[in-house]
1. Lys pairs in region C:3-306, Cα-Cα under 21 Å, at least 8 apart or on separate chains: how many?
2. Any chance you could list the semi-axes, whole Å, largest first, of the equivalent ellipsoid that the Cα gyration tensor gives for region C:20-161, using √(5λ)?
3. So if I take the alpha carbon set of the protein assembly as shown, get Rg, then get Rh from the Kirkwood formula, what is the Rg over Rh ratio?
4. Aspartates and glutamates near A:K187 by alpha-carbon distance under 15 Å, same-chain residues fewer than 8 away left out - which ones?
5. Please go through region A:93-195 and write out the trypsin sites (Lys or Arg not before Pro) that DSSP classes as loop and that have at most 15 other C-beta atoms within 10 Å.
6. Once you mark the trypsin sites (Lys or Arg not before Pro) that are in a DSSP loop and have at most 10 other Cβ atoms within 10 Å, what is the longest gap between them in chain B?
7. Which angle from 0 to 90°, rounded to the nearest 10, does the C-alpha axis of helix C:3-15 make with the longest principal axis of chain C?
8. Assuming R0 = 30 Å, can you tell me the calculated FRET efficiency for the pair C:K193 and B:A16, based on Cβ-Cβ distance, to the nearest 0.05?
Amino acid sequence: MKKNNRFIIETKSLTKKYDGKAVLDNLNLAVAEGEIFGFLGHNGAGKTTTVNILTTLLVPTSGSAEICGFDTVKGSMEVKKSIGYLPENVKFYDNLTASENLEYFAKLSGIKNSKEKVTEVLEFIEFTGIEHKKLGEFSKGMRQRIGIAQAIMHEPKVLFLDEPTSGLDPMGIKKLREVILKLNREKRMTIFMNTHLLSEVAKVCTTIGVLNHGKLVYKETLENMLKRFSDEESLEDIYFTIGE
Amino acid sequence: MNNFAKIFTVAKKEYADALKNRVFLVFLFFLLFLIGVSIIVAAFDFQGKVAVYQNALLKLRQSGQVVENLSEPQFFPLQLLRGAIEYLEIIGAILAIVLGYLSIAKEKGNNTLQLILTRPISRFSVYLGKFLGNALLIISVSGIVFVGITLVVDIVGKTMLTGSQLYRIFLTFIFTIIYLLIFFSISTLLSILLKSLPNALIISFVIWILFVLIIPQIGDTMDPDNQVPGGLFNSLHMVKADQTAILAKFSHYEKMRDNLEQTSLTKHYERLAFAFLGIKDTYNGKSLEFIFSERAIDGWWISLASLLFGVFGAVIFVKKRVLWKEE
Amino acid sequence: MPIIFTIAIQEVKVLFRERVFFLLLAIFILMTLASSFIGLVATTTTTSIYNASVEFLHQAGTDNIPANPLNALPALTNFRNVIVYIFLIGSLLAIVVGHRSFIRERKSGALPLLLTRPILAEKLFFGKVLGISLALFAIISATFIVSVFSSLLLPFRHLVASDIERLFLFYALSFFYLLFFALVGLLFAIKTKSESLALFVPVCIWVGISFVLPELVSGQTPTALLNPVTMDQVAPDGTFFALMRTYLGPLSLGWHYTSFSSQLLNNSLQITNAGIGSALRDNSGKLFILLIAIGVCLSLCFYSIRNYTIQEENIYE
């Protein structure tokens, strides 16, 4: 972990209980600016709950979380201004065209020249010529790219992606990966990515964290991790070793 | 398992599913409650009329006028069922729509339809199982309703219904089942046919509102004697025989109105039920032979429609290749 | 443009592109149009029947025949069926408008996006309510225009200035009536997990308000309540109905709407040709109750949206 960076995402003893059952249990997590953080864990480990708290959608039972130094509960409005979010399975409004969908969210994000911005962002993610098509005609992969466009239009400091590759074909996954790397490189965006796919993590992430039953069991840069587990055969084995 | 046992398994599951479903239970209790209320309201309404009559009688006697023109309101227990029949038409139909919708929606919603269709059972058997299960459910619901009705009428009317009256209630019960199956089949059909389930539901409601409320309402407001408060003929002080003579000249208009009403399947059911129960004065106290000779056509209409929509649903279910949601 | 308008315009835009909404709207407008025609056919026939009766009575030697009662009916009689259609179809349409407004966000997965934008929840909510109101306003205006134009085509009755004023008040009242149902639709779309339940419960409430409460208060069966001539008939005497009137009377919004509308459109059995002023005075309580009901729904909706927690969207269609 680079020492000179301040933490842009930080949680302190973050706990979320549903009906008395802890889904997140004293989670302490810190992500530095400029990182691509891969948040790993099996289904039901609490990844989406974490992202929901970090994006202000849920209020923690105890503990706290900060984005860019703002508390996600007390400073939720400031947090919202600093983040972009792509939830899993977002479909948008089928009856509106791609640009109508994007313009709406651009306005809600406080962007003034929404039309120009939409054109600009679609060019950035290299997805043009579809502006006037209705979303109803789009494939899952195409919707996902509109989702990315929506999430980065207002140039947030942190981008949250919840299982971004789920349901995409290999070509779609490749394109998404390119966009993520480009955003990190060119816009210095910090990216927080939920996933259970190790292959993805290895290709894009700079740091990984592993969540197991609501607890962070491991956090390390990819580089160090590969050093430590050099004798292991694959990332998958590493994951299982940590997960146990 | 042989084919019959499989059909029976599907039917049994439909029956059990519905009894566990909150939407269905909400509507069922709502229906039972409304029918109970409507009978009680009708009883109080009748009491009110008797009171008005006795008041008028008293006043006329005191002023020394002739009281022959005033006829005492007569009590016919089956006429208390007018509201009950209307609620069966309205809420009963919604209940049937709910059943049809759920029967398909629950499979589409969690993609179990693909599972069922890859089991060694024919599509027709699946449909038949679903139909039978829900038909049994409709029979049970109507059974509860009509047993309840009979008891309430006995209690409110303070008399035991005679055998012939019970038979008339039984006949109404049979045609109620047939009527409700129409709406069940319509909503099943639409849920199978349309890609979007919520749209299927809303369009079922549109059909419901047309048959149940709009067409009968138009027919009612087109009644010439309904144009003036209190009635046109009353304002002219004309007796019934003269009214009929005049109206005979306008039979084309009446025929048009009748034809319009006939496009509503609900109206057919209502005419039949009102005839059986003597709610419509023309049929009150008339023999069943007479009622059948006049109103059999209505029975045919709803039976035919019920059959047609049921068969149509089966054909679509068997023939439409992709029944589940496509990604 | 303020955010609140952006949201409101989006609401209207998306709604007017939904096919099912258009289907319902088309039926509604068509019925309003048809009601003029139905009225024309019915009154022409009734006049012919009257003439035939007069001839018949003359031959029978009766003198002193009353004038055609139809001619005594006010010009706004042409509109009395509109009350029924707003009461019947308009309110169902309004439920669908409110229902779709929130379900759409849930199903498209746009809800987490909306809630993570830097906008106050108040603005989001009132933007939506404004959008719903705009949509209802458009629907009401459409029926208003259709019914005024179609009544101009009817040869025998012409509207005067005070009639227009009455019509205006009637449509304003109708707007609030529809708004109430739209908010009920919205409320259950927020509160209920299952999409079908979110539609069925408001329909239940609709049946309750349109038919059940009026029946308890007036003793009228559902079909009689849909007949504009007898619509506001009062209940027969008796302790039962007196009790119902006292306790359930205030709650029966449907009854308030039809009876108030009947008086506004000069169609009432109770008071014939009451002035606008007195109609408003007599019915201010009903209007007040309707506004209270809207206020209650509005607060409940707002409260539920504030406390709405994103969860695994498990809509069992």
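1. Summing the qualifying lysine pairs gives 9.
2. Semi-axes, largest first: 50, 14, 11 Å.
3. 1.05
4. Filter leaves A:E33, A:E35, A:E120, A:E123, A:E155, A:E178.
5. Counting only loop positions with at most 15 other Cβ atoms within 10 Å, the trypsin sites (Lys or Arg not before Pro) in region A:93-195 are A:K112, A:K133, A:R188.
6. B:1-157
7. That works out to roughly 60 degrees.
8. About 0.90, to the nearest 0.05.
Rule-based calculations on the coordinates, nothing more; no lab input. Only a predicted model underlies this, so the values are computations on that prediction, with no experimental measurement involved. Note: ideal-geometry Cβ built from the backbone for every residue, glycine included; neighbour counts use all protein chains shown.
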